[in-house]
Each structure stands twice: as structure tokens, then as C-alpha cells.
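The values are calculated or read from the model by the stated rules, or taken from the named source; none is laboratory data. Here the structure is a predicted model, which means the values were calculated and not measured. Heads up, the Cβs are rebuilt from the backbone with ideal geometry, glycines too, and the neighbour counts pull from every protein chain shown.
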Amino acid sequence: MRELVLLCPGTLAEPLSDALLEAGALSVSVEDADSDTDEEQPLFGEPGSEPNTQAWSRNRVIVLLADGTDPEQLLAAARLDLDEQTDLPWFLRQVPDADWVRLTQSQFGPIEVGTRIFIVPSWHSDQMPLVPEPDRIAIQLDPGLAFGTGSHPTTHLCLEWLAAELPERASVLDYGCGSGILAIAAAMLGAQEVTGVDIDEQAVQATRDNASVNKVKVKSLLPDDLADGLYDVVVANILSNPLKVLAPMLAGRVRSGGQLILSGVLERQAQEVAAAYAPWLTISVWQARDGWVCLAGVKA
């Protein structure tokens with residue numbers, strides 16, 4: 001397999017990428033052509049949103065070609081979709097054969113969270129403890145196409161809250177369940193009834209599959225299928241903007257005396273998110289890690 005590599009100015013990076021994909025490129029990525037030099041330009045955006053600037057001053061556009069694709073014909077077809085007819089410098093390079101799924105999986109090994117939780121990716125199932133230690137749980141996890149390998153600080157914070165604070169035989173709602181890791185942990189830590197909700201059907205299926213592998217009962221649903229009801233614990237590990245939008249619904253799902261746990265929030269966003277929930281309950285930072293926080297509160 002081959003890659004076509006082009007150099008282009010920032011104004012052309014996005015339209016050129018779109019044109020190349022329309023012309024038949026398998027994939028297109030854009031990098032800073034000045035990376036690792038004094039001219040490197042960082043681009044930053046709010047987590048979950050796009051940066052204000054979409055490209056660098058000088059860009060390296062990397063195009064994955066299907067076998068047999070003529071790069072000159074691809075470029076000619078792409079130029080037809082561009083207002084700016086510019087000849088850009090380019091070259092070809094070989095892409096070494098690799099098992100990309102295995103390479104990606106190899107980045108994620110077993111993870112220990114706090115003192116009570118051990119997460120084992122399915123591709124390391126041979127490392128699952130045969131006999132769990134007292135007061136500890138081991139979760140076998142396959143994210144599938146859903147978010148949630150257990151490696152992010154916000155996931156760790158929520159897991160540690162569940163391990164330390166989950167009431168005995170609680171009913172739990174995990175909103176934005178992804179791979180189901182928080183819902184499954186709650187069930188293994190003694191929750192009586194656990195429901196996972198996600199807007200992504202693949203996440204709903206991943207949660208079902210992972211719950212089955214770990215031999216726990218978790219009801220996994222799309223939001224429209226969630227019946228009316230209140231919960232002892234509602235946990236949502238999403239991002240600050242969706243959490244603010246969902247404040248009336250999430251707060252409304254917590255029973256009187258129940259607890260709300262929120263993460264996916266940067267430290268500098270904590271007060272803003274807490275303010276969004278103030279009409280229903282007071283939440284504050286339970287713990288912080290690597291610039292992220294877990295917010296917790298009890299509903300009166």
C-alpha cells in the first residue's frame with residue numbers, strides 16, 4: 001500500500017482533503033509540515049469541539065491510496081473540485097504491511113485502578129485472575145467501536161468513586177455508558193440494579209457484550225428507550241457542554257437522598273458545570289487528576 005504526501009498552505013488544507021476523498025482516496029490526514037522545528041504551531045480546541053484554526057501555515061497532507069490507484073489521476077480529479085488551481089509538490093511513499101488492529105490493541109494493557117479494580121482488555125484475557133482477591137474486582141473489557149478502554153483519568157476518577165462510595169444494593173444509571181465499564185463496575189461492586197444509556201447503538205451493544213462476558217446484569221438502552229424512574233446513583237462521564245445541556249434530565253433522575261457523579265470536566269470548567277446543576281442540587285469536586293475532575297453531590 002502507498003501514501004501520497006502533498007505540501008499545501010493552510011487555506012487549501014480542508015478543501016483539498018475533501019476533494020481528495022471525493023476523488024477516491026481511502027483516507028486523508030493533515031499534519032503540521034513544520035512539526036519538530038522552531039516553526040511548529042500548536043492547535044488547541046475545547047475537548048469535544050473543533051479548534052478555531054483548522055490548519056497550519058504549512059501542511060503535510062497524507063493520502064492513503066488503494067492498490068492500483070494512479071496518483072496523478074487522483075490529483076487531476078481532485079483539482080476539478082478546487083477553486084484554486086495550484087500545482088502542489090508531492091511524493092509517494094510505501095506503507096509497511098501491519099496488523100493495525102493488533103498494534104492499536106497493544107497500546108492498552110491491563111490497568112489497575114485504585115486498590116479494588118483491575119481492568120483487563122479482552123486481548124489480554126489470559127491475564128485475568130483465576131481467583132479474585134477479597135474485596136477486589138477484575139473486569140474483562142472489549143471496547144469494540146465504543147469509547148472506554150479504562151485508561152482515561154476521568155474513567156479512573158469515576159471508578160474510584162464507585163469503589164469508595166457506592167451505597168450497598170444501589171440502583172445505578174450510567175448515562176453515556178460507552179463500553180459499559182462504569183455500569184459493569186457498579187454491578188460487580190454490589191449495585192442491585194444497573195442501567196447503561198448511550199446515544200450510540202454500537203456503545204449499547206458493547207455494553208451488553210461486556211456485561212455478558214463479566215457475568216453481570218446491566219440493562220443497556222438508547223435514551224428514547226429509558227423508562228421513567230429515579231436512581232440512587234446517576235453517573236455521567238461525558239464532556240462539560242453536554243453535561244450542562246443534560247442538567248435538568250440527569251438531576252431529575254436522582255432520587256431524594258441519591259447521588260450524582262459527573263466527570264469529563266476540566267478543572268477550569270468545574271464551577272461552570274456545578275452552576276448548571278445548582279437549581280437541583282449542590283455538586284463539588286470530589287477528586288481531581290491530570291487537569292480533570294470528578295464532581296459529586298447529594299440531592300436533598
Name every residue in the range 237-254 that is in a helix (DSSP H, G or I) and under 21 Å from Leu159 (Cα atoms), in order of residue number.
Ser240, Pro242, Leu243, Leu250, Ala251
Being under 30 Å from Ser122 (Cα atoms), assigned by TED's automatic domain parsing to the domain that holds His156 and hydroxyl-bearing (Ser, Thr, Tyr), is that true of even one residue in the range 213-227?
yes
The condition of being over 17 Å from Val120 (Cα atoms), surrounded by 20 or more Cβ atoms within 10 Å (Cβ to Cβ) and not polar (S, T, N, Q) holds, among Leu182, Leu173, only for Leu173
Residue among Gly148, Gly176 that is at positive phi and at pLDDT below 95:
Gly148
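To keep it simple, each residue is scored yes or no on (1) out of contact with any Pro (no Cβ under 9 Å at 6 or more places or on another chain); (2) at negative phi; (3) assigned by TED's automatic domain parsing to the domain that holds Thr11; (4) at pLDDT 90 or above.
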{"residue": "Ile62", "(1), (2), (3), (4)": "yes, yes, yes, yes"}
{"residue": "Asp67", "(1), (2), (3), (4)": "yes, yes, yes, no"}
{"residue": "Leu92", "(1), (2), (3), (4)": "no, yes, yes, yes"}
{"residue": "Ile111", "(1), (2), (3), (4)": "no, yes, no, no"}
{"residue": "Gly114", "(1), (2), (3), (4)": "yes, no, no, yes"}
{"residue": "Pro121", "(1), (2), (3), (4)": "no, yes, no, no"}
Test of understanding: among Leu16, Leu4, Leu20, which residue is modelled with pLDDT of 90 or more, touching a Phe, Trp or Tyr at 6+ places or on another chain (Cβ under 7 Å), of a type in the set (A, V, I, L, M, F, W, C) and surrounded by 13 or more Cβ atoms within 10 Å (Cβ to Cβ)?
Leu4
Examine the range 274-296 for a residue that is under 22 Å from Ser179 (Cβ atoms), basic (Lys, Arg) and surrounded by 21 or more Cβ atoms within 10 Å (Cβ to Cβ), and state whether such a residue exists.
no
Working only within the range 209-228, note down all residues that are part of a helix (DSSP H, G or I), buried (at least 16 other Cβ atoms within 10 Å of the Cβ) and either free of Cβ contacts under 8 Å to residues at least 40 places away in the same chain or of a type in the set (D, E, K, R) (or both).
Asp209, Ala211
If you scan the range 23-41, which residues turn out to be more than 15 Å from Thr69 (Cβ to Cβ) and at pLDDT 90 or above?
Ser29, Val30, Glu31, Asp32
Test of understanding: among Glu72, Glu50, which residue is exposed (fewer than 12 other Cβ atoms within 10 Å of the Cβ) and at pLDDT 90 or above?
Glu72
Counted residues, the range 268-285 - those being modelled with pLDDT of 95 or more, within 24 Å of the chain's Cα centre (by Cα) and more than 14 Å from Val245 (Cβ to Cβ):
6
Can you tell me which of Val285, Val234, Val293, Val265 is over 25 Å from Gly190 (Cα atoms) and in a strand (DSSP E or B)?
Val265
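This table checks each residue for (1) free of Cβ contacts under 8 Å to residues at least 60 places away in the same chain; (2) within 18 Å of Leu162 (Cα to Cα); (3) assigned by TED's automatic domain parsing to the domain that holds Gly176.
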{"position": "Met249", "(1), (2), (3)": "yes, no, yes"}
{"position": "Val254", "(1), (2), (3)": "yes, yes, yes"}
{"position": "Gly258", "(1), (2), (3)": "yes, yes, yes"}
{"position": "Leu262", "(1), (2), (3)": "yes, yes, yes"}
{"position": "Ala274", "(1), (2), (3)": "yes, no, yes"}
{"position": "Pro279", "(1), (2), (3)": "yes, no, yes"}
{"position": "Ser284", "(1), (2), (3)": "yes, yes, yes"}
{"position": "Gln287", "(1), (2), (3)": "no, yes, yes"}
{"position": "Cys294", "(1), (2), (3)": "no, yes, yes"}
Could you please give the count of residues in the range 166-208 that are part of a strand (DSSP E or B) and not β-branched (Val, Ile, Thr)?
6
